[in-house]
Each structure stands twice: as structure tokens, then as C-alpha cells.
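Student: Here it is: the structure, laid out below.
The values are calculated or read from the model by the stated rules, or taken from the named source; none is laboratory data. All figures in this text were calculated on a predicted structure; none of them were measured in a lab. Every residue, glycine as well, gets a Cβ built from its backbone with ideal geometry; the counts of neighbours run over all protein chains shown. Areas reflect the complete protein model, heavy atoms only, side chains present, ligands, DNA and RNA absent. Shrake-Rupley method; radii C 1.70, N 1.55, O 1.52, S 1.80 Å.
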4 protein chains.
Amino acid sequence: MIVTVKRGADAAQVKRELSGRGLWVTQLEASAGVFFLVEPHSTRIPREALLEVEGVESVAEQPSAHPRVDAQPPVLDVAGVPVGAGAPRVLMAGPCCVESEGQIRAAAEAVARAGGRFLRGGAYKPRTSPYSFQGHGEPALRWLRRAGDEHGLRTVTEVLRTEDVPQVAEYAHLLQIGSRNMQNFALLAEAGRTGRVLLLKRAVGATVDEWLLAAEHCLVHGAAGVIFCERGIRGFDPTVRNLLDLGSVALLAHVLRQPVLVDPSHATGRRDLVAPLSGAALAAGAHGLLVETHPAPAEAQSDGPQALTSDGLLALGRTLGLA
Amino acid sequence: MIVTVKRGADAAQVKRELSGRGLWVTQLEASAGVFFLVEPHSTRIPREALLEVEGVESVAEQPSAHPRVDAQPPVLDVAGVPVGAGAPRVLMAGPCCVESEGQIRAAAEAVARAGGRFLRGGAYKPRTSPYSFQGHGEPALRWLRRAGDEHGLRTVTEVLRTEDVPQVAEYAHLLQIGSRNMQNFALLAEAGRTGRVLLLKRAVGATVDEWLLAAEHCLVHGAAGVIFCERGIRGFDPTVRNLLDLGSVALLAHVLRQPVLVDPSHATGRRDLVAPLSGAALAAGAHGLLVETHPAPAEAQSDGPQALTSDGLLALGRTLGLA
Amino acid sequence: MIVTVKRGADAAQVKRELSGRGLWVTQLEASAGVFFLVEPHSTRIPREALLEVEGVESVAEQPSAHPRVDAQPPVLDVAGVPVGAGAPRVLMAGPCCVESEGQIRAAAEAVARAGGRFLRGGAYKPRTSPYSFQGHGEPALRWLRRAGDEHGLRTVTEVLRTEDVPQVAEYAHLLQIGSRNMQNFALLAEAGRTGRVLLLKRAVGATVDEWLLAAEHCLVHGAAGVIFCERGIRGFDPTVRNLLDLGSVALLAHVLRQPVLVDPSHATGRRDLVAPLSGAALAAGAHGLLVETHPAPAEAQSDGPQALTSDGLLALGRTLGLA
Amino acid sequence: MIVTVKRGADAAQVKRELSGRGLWVTQLEASAGVFFLVEPHSTRIPREALLEVEGVESVAEQPSAHPRVDAQPPVLDVAGVPVGAGAPRVLMAGPCCVESEGQIRAAAEAVARAGGRFLRGGAYKPRTSPYSFQGHGEPALRWLRRAGDEHGLRTVTEVLRTEDVPQVAEYAHLLQIGSRNMQNFALLAEAGRTGRVLLLKRAVGATVDEWLLAAEHCLVHGAAGVIFCERGIRGFDPTVRNLLDLGSVALLAHVLRQPVLVDPSHATGRRDLVAPLSGAALAAGAHGLLVETHPAPAEAQSDGPQALTSDGLLALGRTLGLA
């Protein structure tokens, strides 16, 4: 945003007024007059309110680069469950990977008991190493859905390849785009074409603007809505797996008014920090949580160390008032 | 931590047991046998508990590099106000800079009304530019203390130079080491020699380990205790001023059992995000907040855009149950 | 790597010997004896050399997670042009986007004149915004190839979607996987299946290990080889577009012995820094450069500000001894 | 920088002209007309050149925040040795820590033989842990100077405390401010008051702007000049100790025209990468190197793993054409 000062007006006074409203400004001068450049980490103030400040001549704004995201309603309906501002906070939980029908049924029971509304579980897994287990594919989707249906849970699972989109959309209520694919535009388009609500995880190296634009890709191609999910970004401290960015969550929830969830399991990688960061996420404005749980973490084929036990999930659900 | 597997034991089974307990392990093999290297972002499990796992021969740990920090009690007393686990959450608030006696008195009144226990305000200011206002020095200390006393508030202020330590210690109940000086070891030592409790802000590029070791410097030189304060680290997204790292706060509060505060004002730079991130900080485990407020932000000589108004502070205090 | 000390040996002396060889070690103790944990930023020393150190009992290493990458020859042949250690340094240049037949022919002439061996140009463009120009598709591929052939240049271009792989492979000698798709495993597999050499750009948030594992995905699925390309990672300073990580380039070139290029155009975004960073990249060990150039940067549909003019490219080629 | 477009001019054409000159611009509109906001990672173009672009009405710039830095000559004289643009590249080398008179004399001989002009060595060491060796103090300064004098080398050493400044200034030709103290403004002022040239290392979390402003602090207080030294910033990949930012070095050398050195030893922590990154640093524009070397790295009390041997230093000096 650029604020132009009226000829003859007191620039210092204008600056004070802008600062007082929460704007960080840099003053630039030219023959054409005095300008204030508003820094991006300023409080969001409507242009109209700034035009009323004495001494302000004009306020130049960049048109939004993501009009469809801006036009999203604050609450999205996912197969009958509302997600977003004003709706009850939603718990989505389940194992990293759907390993067997027994496992996912046990998980579903635990999720339901803990107050969860969605069952998560991977059928197609993006794995950093090509030698790691890649998921059971369609049978896993079937087990997931059946287990969810048994307990009145909606299902959410990741889709990795464009050609899998129809199949995944058949079984899952909510299609997840993983963080590694946040800018896989072919996948965003194909998933968008389903006309469904998508869950879009943030890439570990993405700015908020890039994340919003990735959502715009989904919406342009037909998605009914996009729910954002922060799962930790890259940081320089190895004591947590990733660096949970709750400032961005608060920005999405309170300033941009977008539905946003937090995945505290990937964010920290530490089971001993999942509960406090879940509480923090909700306090920051997150509309729900995506949590890893496993009926027997020691048997998990992936991410066992960060999975809550069924009892741990129940305790979390109770602490957060979800169970 | 290195876990050694007994000769003849089932390494895969040991690995499952460790994962099940929340440990991320890497398996290494040598003629001497099988070792598991435990990654730093693992759940903290006592060595004794690991020795009980079947097939584990020994568990090697590095002795703590900061025994005095580890030995701190969970609650520190600052001039009669307890800060830490179990104590009531504490609000410290005030202007970036003590600008006049009138200003700090107005701020003190607002802080007291909002449920604050400490009045903050800068007398000596570290400024990125040498041409910025550097603070009023001793008169500001005097005004700060008098304003605090008037409202039953303790005072906290930053000390910048070793030679100012005695003077600052005379007026302030709690001496703050700013983030730019987190590894100014001469200052840590001098402040430690006062025998007082210190407030140690994290540097924007410091790991948690470096932060703990900086506290160890203070304690070695005689500090009665160190309260940690997270204020945002360096990030790659310009939409917030800094990147608030609540994972580290949760780690300090819940795993390392250290008294820890959060400064949401510097963390975000955005007045519109201070309230949600304050709530998030407390939910993550922070034992209190350090917040910037100004009776008239438009008149502030520094950091006006991120200062809460007196009404904003009152609302915050009420929301958080402090007022 | 974990080094175990012989019972009765002088651990302090072993530590000195390891440090002297360039290893950063952490000492851990257990009933089973003394262990040294070798930090990842240590000089690479063969296990055998460490076993010869007096007092060392055993050296445990993790088996490599990317055996196919490790087995790559140091030089790869791309349609008759060798790329890698020992081969002449290779310049790949061209516009961000193939905009017209005339434009790419002019670019090809400039690239050939500057000593380039490869012509680059986008036919399918990954764009952060869905409203930006996405490339001319197949016609652009045709123009690119024809322009390259005219000047004896090989061609390199990015492939975005699995279904485009055969078509792109028909026209391009070298298929590029862009940074946003570095962990789009479906695309890595499909591109690998062509049996061709691939150019794999690093994602802005990827560690070197993740990059190597992405290459392993390509090789597992049949790629003839993978050339790595560093193009800048996420940093906290806005004065450059990205942060060029030449430490990783040196690691790949000198320690891991992989063919590696650098893209200084995206790394900095600043035309005024392209030349010095090109020289730096080659000095660090890069086997070639991928540079953006445009016959008329003012007319460029994308990335014009970072494109060298034809004269700028010629000057670069001469300075680096390529022209 | 803000560029204002003349009423009635073709904004799209102005944008093309700006892009063609290397400027990344964002277009903003208001009742007052059309503005282009120039992004910080744009090529540096003089304001006058932009005013000549057809359709440009005015160009608003922020006055420089560091006029004294801008006014520095491109070459600084340090006790007879010129450092900066146009001067011969300078090698500064020596051990992390001055451990004994014998050690520093052996190091001095090796440095001289390798073509070095400055002998480095720590007498007062900033140590992350309070339990690490802190240096031998004044005796070490004396040994350092004597060893340097013997071989015609200038000396450079770090000063940690304001009260040590006069003593360090007595022995050292060049006073170093370490990265941890880059924003210890009391120390910058005291060191500046000596009227000497200072070596200012960049903090691991500092932007280029903060670094320049820290230098301005030194100059305001009387420093004869400031030589910048990049030594690696915080990164997310543990395979190097720090992340060497040669983009910033190129910016300082070529755009800001400041004398700048690189410390490849701390940047990587890996002895096996010191040579390639030294070459890269010089190619990027660095005017010299600050390298750690030790006559017997295995005996080093600190940083042994990253120290070159005397032979390694000689090889480096020869490769770089310094010996």
C-alpha cells in the first residue's frame, strides 16, 4: 500500500496517524511529493479508513491476486460438517498410514471416542525415500471409508497423482493435497475439477502468499472450497521436526478470514509437544486439528514416534473440550 | 542419545519399542553390534525407562551442558511475584520506550487496570540505527519505578551496557537482556553478578541450546534465576515481523521445566495479531506475556504500530482472565 | 557415524585424533563404554581410515539411503555433451519462457555466440498465480528444438505434468524437473521411465538429503542419470530473491561427486549479481550454469528483470572462458 | 523506491521499460494515479536513469540510513595493507585460539609461507558454553603480536568487552567484532572510538541492512573504516555448520562497493569444503579471506575440525594465487 500526502499537509503528523493505526511506514520523497510505503507486517486497515486521515491524498493498493480465495465463505461444508469461523472446532485424526482393516477400525473407534469428526489415514503415501512403504492404495481407501462410516466419521486422505483423483474422491469426503505437492499445479487443477472441498497443506518453504495462490489454483479449476492446513515450516533448530508458524494461522483466521487447521504432529514430530501445541493452535485461531494417532504406535509403519496413542488422543479431545 | 542393542537381541523389535515410546531412531551397524541413534526431536524419555526395554544393552547420554539451568526451580520469585509453572500467569506490559513521566504513569495505570503485575519500559534502547532515539537513561528509570510503585507494579527494563548494570538494578526489579545481547557474554556475566533474576530474550538466530547456554552464563556468574522470553525468530515471510516459535516455548515449559514468557508484540509486529498469539502462547505453556502498550500509540517514539492501546490491553487482560 | 572407543583406551586422545581429521564429535558415555557421535557437518573420512586410529574399536555407519545416486558416474552424457567432473563447464541459457519462434531463435543465436551448449526455454510454465501466462505448450517445444538445432545446441525444458512427459521428451534433450515439483514423486517416476538424463532443481525448502532422495526416485524408475541444479533456497533477507547455497554445491561436487549446476538467475533475481555469482558457482565446483537471457528483456512475459541481455550473456561467457 | 507514472502515459509500457532495466515492480493504483513499487531484490539503477524513462513522472527514494558507510572509500588501509576493491586479495589466517607462544609462532610461519598478510588468533574467546576455554587474554595478545611481527604480518583479533578495547587496540592492527556482538552497540561504540579500522562479522540472524547499520554505529563513533566479514548465516541443513551467503557478499562488493571478506571456516565447519568456498568467495567479489589454520589441528583447544593444516593452508594460498 502506498499513501500519498497532500501538498502542504504535515507529513510528520500523517505518519503519526498511520503509526497510531498500526501501520509500519517508510517515508519516501520525490518531486511529486511525499509517499508512505506501508510494510506488509502492518495491521490490516481498510483503505477507506486511511482516506479519512487528515492530510492523506490517496491510498494505492494492489488488487488482490486471489479473488476467489477472498470470496470464500468463512465456513465450508464438508459432507455436512461445517469447518471454519463460528463452527465448532473440528478434530481430524487417524494413523499416518492405513495399514490394515483392523488397524483403521481401531483407530476410528478411538477417534470417535475422542470427539473427532473426521478419520484420516494414508492410502497413497508420499515418501522421501523411494524404498519406504508407499501405502496400500485402493484397498486402504475402502477400509478407511468403511471404518469412518461405522463411527459416523467423515474421511480425509491425501491424493498424490492426478490419475488417482477420481478414485480418492469416490472414497474420501475431503481430499488432501500434501505439503510436497502444494505447488504441483497439475494436481491442484485435477483435484479442483472434482468440485469438492480440498484440504491444502502448506509447503515447508512456502510464504503465505504462495499458499493463498495455490488455493486460488484449486478454486479456479472448480474446487468448492479450500481449507488451509499449517504443518510446520523449515527452521534451524533440530529440537523440533519443523517450526510451527502460528502467526500465519492467526493471519489466515483473523485477518484473511479463511478456514484453517493445524497439524501439530508433523509440526513438532514430538509426541510430548502435541497437546500443548494443539491448544496453542486453537487459541491462535485454528478451526480444527489434524492429528496423528495409532492404536499401537510401536507397530506403526511410519511416523510412529509422533502418533498419539488412543488414550493420548482421548485425553487431548477432553482437554480441548471436544470429547 | 545412543542405544546399544544386546548381542543376539532382535534389533527390529527394539526399534519398534523405541518408536512406540516416541523416539525417532536411526539404525547404525558396526562389528561392535547394532546402535540406535536417537534424533533430537524425539519425545524426552528417561534413560532408566529405556534400559528396561527388552534387548537394550546400554543407553549413552551426553551429560547436560547447562547443569545450573537444569537445577533452577520451576518457579522464580521476582520481588514477591512468582513466575513459572504453577504460579498465576503474569502480564508484563508497558511502552517500548519511557518517553516522559506523564506517559509512563498513564501506561502504569492501564497496565494495573488490565491485571498486569509488571510495568515494562525502555530507558536505554538498543536501536538498529545509530540515529534513532536511544532512550532517556536514568531519568526514565526513575519515572518507570515511580510509576510502577504507584500502582503496585514490579518493573522490568533492558540493560545494554555493563557499566549501567548497577544503576538499572537499583531501579528495576527484573533486568532484561535483549535479544541482540543474548550472546554478549560480558553483559550476561555482569548482570549475573547482581544476584538477581534476569529476563533473557532469545536472539533471532539462536537455537534453543544456545539460549539455554546463555542462561547458564548468567547463572554461573551469580544470577538468582533466569526467565526465558521468546520474541520471534527470523523467518522468510514478510507478512509478520518475526516468526513466533511456540514449539520452543512448549519445549521449555513442558519438557525442560523452565520459566518462560512470550513477547507477542515483537514476534508479529502486528497489533491485529497480538491478542490471538497471546492466547496461543499461554496455551503452549508460557507462564506470562511481555506486551507493548502505549497510552497514545500515534505519539510513540518507537514501535507505535505494534503497541496496544490502553483499551486494547484491558480487553486482552480480560480475555485471558488476567483482569 | 558412531565411533566406539576400546575399553581401556584414552578417550580424550581418540577425540583429539578424530578432531584432527576434521570430525566434530560429541562424547556420550554408558555402561557399555564411550561413544563418539560424529556430527553431519564433519569432513568426510572413510570408515577404514577411522578404524586405523589407535583406541577405536568400531565405526558404525548408516547404509546410504540412495545407492543409485552414489553409483552415478561423475560425468553424464546428454545427447553427446558430457556434464560433470572433468568435462568442460557447460553453459545452458535461454529465456524463462518461449514466447515466439522469433524470440527463441534470437536467443539461440545469442546463446551459441556466448559459448552455450544448451538452449533453455519454458513451454509449460509453473506459475505461482493461476492468472499468469502458462506457456505456449507444444508449439513452443517445436520452436525451441528447431532454434536449438539451428545452432547446434541441445535443448532443456521443464516438464510439469506426467501426461506431458512423452511429448517433452520428444523435443528436449534434457528434461527439467522444477523446484516446485522436486517431491512430486509421480512426476519423478514418469520422467524416470523415459530412461533419459534429468535435470533436478532443488526445492526452496529442501535439505540436501531430501534432494538426493528425490534423485533416487528418478533413478529407481529408470532415469539414465540425474544432474542436480541449485537455484537458491528460502532466506530471510529480501535484498536477494533467494539465497544461493554454494556450500551444498561444493558438497555435491567435491564430496558426493555428483554432477551439479547452478542457476544464478533465480538464486538472486538481480541481473547485477548474475555475473559474480556465476563465477562463484563454478569456483565452488559447479559443472555448469543455467542462466536466463532474453533478446529484449523489456518484452519478456516473465522474469524479465533477471534476464541477461544477449550482450550481457556474451560478456558472461567470455569472462568465464566459455565463449 | 516508488515510481510515479505521468497522467495519460502508458503504464504498461513504463512497466516494460522498468523490467527491462532489471526492476521487479508491483503496480498499485489510486485516484492519484499509477505507482510502481520497486522490490528490494531489483538491480540497482540510479534514480536519474529512471527519470529519463518516458512516462515516468517522479522517482521517490528513501534517503540512505547509513550515509557514513556509503561514504567509505572502496579501499581501506590497515597499517599499510590496503583492503578492498582494486587492492590485492588479502589472506588472513591463524588458529581459532592463541594457545601458546610456540603454537602461534608456528602458525605465523605457515601463514606467511601461504602468502598471508594478517595473522589471526583469539585471545578473548566468546564461547557458547561458559565452561569452554575463554582464551589466555593479554599474554595471548602479546604472543600474537610478536609472532606476527616476526613474519611481517599484521594482526587481527576479536575484542569482546568494552573494557578490553584499549588493550586489544594496543596489540592488534585490526580489531574484530564477532558475529555474536554485531549488535552489541556499546562495544561497537567503544571500538569505534579507537579511530581504527574494524572488522565486523555478520550475525547469523542479521539482514544485510542490519549489518550496514551496525557498521554505521562504528563509524558514527569514530572508526576509521569498517571491513565486513560474512561467516555464514543460519540455515536448515545440518550438513554444513552455517549457510554461506555469497549473494550478500556480491551485493556488498559490487553494488554497495564496501570492503568485504569471507570466513569459509565458520561458514561450513567442514575442512573438506574450505578450499572450494574460498575460491567461490573471491569469485563472488570478496576482497579477502579469514581462514582458520592450526599447526596441529588434533591439539587445537577449539574448532580443530575446521582448521586447515599448515600444508592445507599453503595449498590454498597457491591455488588462489596468493602464495
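Student: Return one whole number: the accessible area per residue of the stretch B:159-211 in Å², for a 1.4 Å probe.
Tutor: Value for the stretch B:159-211: 26 Å² per residue.
Student: Springs between alpha-carbon atoms under 10 Å, Gaussian network over chain D: tell me which of D:Arg21, D:Arg146, D:Arg180 tops the mean-square fluctuations.
Tutor: Judging by the Gaussian network model, the answer is D:Arg21.
Student: May I ask you to give the percent of accessible area on the stretch A:40-80 that is carbon plus sulfur, with a probe radius of 1.4 Å?
Tutor: Values: 1180 of 2260 Å².
After summing per-atom areas, the C and S share lands at 52 percent.
Student: A further question follows. In a Gaussian network model over chain D where Cα atoms closer than 10 Å are linked, find which of D:Val78, D:Val226, D:Val59 has the largest mean-square fluctuation.
Tutor: Maximum among the listed residues: D:Val59.
Student: When chain D is modelled as a GNM with alpha-carbon springs shorter than 10 Å, which of D:Pro126, D:Pro88, D:Pro238 fluctuates the most?
Tutor: D:Pro238
Student: Right, next: Show me the helices of chain B, taken as full DSSP H stretches, that run 15 Å or more along their long axis by Cα and average 0.5 or above in Kyte-Doolittle hydropathy. Walk me through the intermediate numbers first.
Tutor: Numbers: long enough: B:101-113 (18 Å, -0.17); B:138-150 (18 Å, -1.21); B:208-220 (18 Å, 0.87); B:271-284 (20 Å, 0.99).
In chain B, the long hydrophobic H runs are B:208-220, B:271-284.
Student: With charges only on Cβ, +1 for K and R and -1 for D and E, what is the dipole size of chain D about its Cα centre, in debye, rounded to 20?
Tutor: 340
Student: Roughly how many percent of the accessible protein surface of the stretch B:93-236 is carbon and sulfur, given a 1.4 Å probe and a whole-percent answer? Could you put the intermediate results ahead of the total?
Tutor: Details: 1740 of 3980 Å².
The nonpolar share, carbon plus sulfur, comes to 44 percent.
Student: Sticking with this structure for a sec: To the nearest 0.05, what FRET efficiency results for B:Ala12 and A:Glu138 with a Förster distance of 22 Å applied to their C-beta separation?
Tutor: Efficiency, rounded to the nearest 0.05: 0.20.
Student: Rounded to the nearest 500, what is the 222 nm mean residue ellipticity of chain B from helices alone, with -39500 (n - 2.57) per DSSP H run of 4+ residues and division by all residues? Please report the intermediate quantities before stating the final value.
Tutor: Values: 12 runs with 107 residues, N = 323.
Only helices count here, giving -9500 deg cm²/dmol.
Student: Counting only C-alpha contacts under 8 Å and six or more residues apart, can you give the relative contact order of the stretch B:34-173 as a whole percent? Walk me through the numbers before you get to the answer.
Tutor: Numbers: 175 pairs, mean separation 25.2, N = 140.
Here the relative contact order equals 18 percent.
Student: Could you size up the charge dipole of the stretch B:168-322 around its Cα centre, putting +1 on the beta carbon of Lys and Arg and -1 on that of Asp and Glu, and report it in debye to the nearest 20?
Tutor: For the stretch B:168-322, the charge dipole is close to 140 debye.
Student: Restricting to the stretch C:169-323, what percent of DSSP beta bridges are antiparallel, rounded to 5? Working shown, then result.
Tutor: Numbers: 1 of 15 bridges.
Expressed as a percentage, antiparallel bridges in the stretch C:169-323 total about 5.
Student: Could you pull out the GluC sites (Glu not before Pro) across the stretch A:50-137 that fall in loop regions by DSSP (anything but H, G, I, E, B) with no more than 16 other Cβ atoms inside 10 Å?
Tutor: A:Glu52, A:Glu54
Student: For the stretch A:164-242, calculate the relative contact order in percent as a whole number, restricting contacts to Cα pairs under 8 Å that are 6 or more residues apart.
Tutor: In percent, rounded to a whole number, it is 30.
Student: If you find the alpha carbon centre of the stretch C:162-198 and of the stretch A:220-281, how far apart are they in angstrom?
Tutor: 31
Student: Sticking with this structure for a sec: Could you grab the relative contact order for chain D? Cα pairs under 8 Å, six or more apart, rounded to a whole percent.
Tutor: This gives 16 percent for chain D.
Student: Can you list the residues in the stretch A:43-78 whose accessible area drops by at least 40 Å² when all protein chains are present, compared with the chain alone? Use a 1.4 Å probe, heavy atoms only.
Tutor: A:Thr43, A:Ser58, A:Ala60, A:Gln62
Student: Chain pair A, D: how much accessible area is buried, both chains summed, with a 1.4 Å probe, in Å² to 100?
Tutor: Details: alone 14320 and 14350 Å², together 27020 Å².
Interface between A and D: roughly 1600 Å².
Student: I would also like to ask the following. Give me the 1.4 Å probe accessible area per residue for the stretch C:1-82, excluding ligands and nucleic acids, in Å².
Tutor: Per-residue value: 47 Å².
Student: Let me ask something additional. What's the magnitude of the charge dipole for the stretch C:110-237 around its Cα centre, counting Lys and Arg as +1 and Asp and Glu as -1 at the beta-carbon? Answer in Debye, nearest 20.
Tutor: That gives a dipole near 380 debye.
Student: A further question follows. Starting from the Cα-Cα distance between A:Ala49 and A:Ala65, subtract it from 0.36 nm times their residue separation and give me the gain in nm to one decimal.
Tutor: Residue separation times 0.36 nm, minus the Cα-Cα distance, leaves 3.6 nm.
Student: Using protein chains only (no ligands, no nucleic acids) and a 1.4 Å probe, work out which residues of the stretch B:99-140 have their accessible area cut by at least 30 Å² relative to the chain alone.
Tutor: For the stretch B:99-140, once contacts with the other chains are taken into account, B:Thr128, B:Pro130, B:Tyr131 lose 30 Å² or more.
Student: Moving on. Of all chymotrypsin sites (Phe, Trp or Tyr not before Pro) in the stretch C:66-172, which ones are in loop regions per DSSP and have a Cβ with at most 16 other Cβ atoms within 10 Å? Don't skip to the answer; put the middle values down first.
Tutor: On the way: sites: C:Phe118, C:Tyr124, C:Tyr131, C:Phe133, C:Trp143, C:Tyr171; in loops: C:Tyr124, C:Tyr131, C:Phe133.
Within the stretch C:66-172, the qualifying chymotrypsin sites (Phe, Trp or Tyr not before Pro) (loop, at most 16 other Cβ atoms within 10 Å) are C:Tyr131, C:Phe133.
Student: For the pair B:Arg146 and D:Glu109, how long in nm is the line joining their label points, each one 7 Å along Cα→Cβ?
Tutor: 6.8
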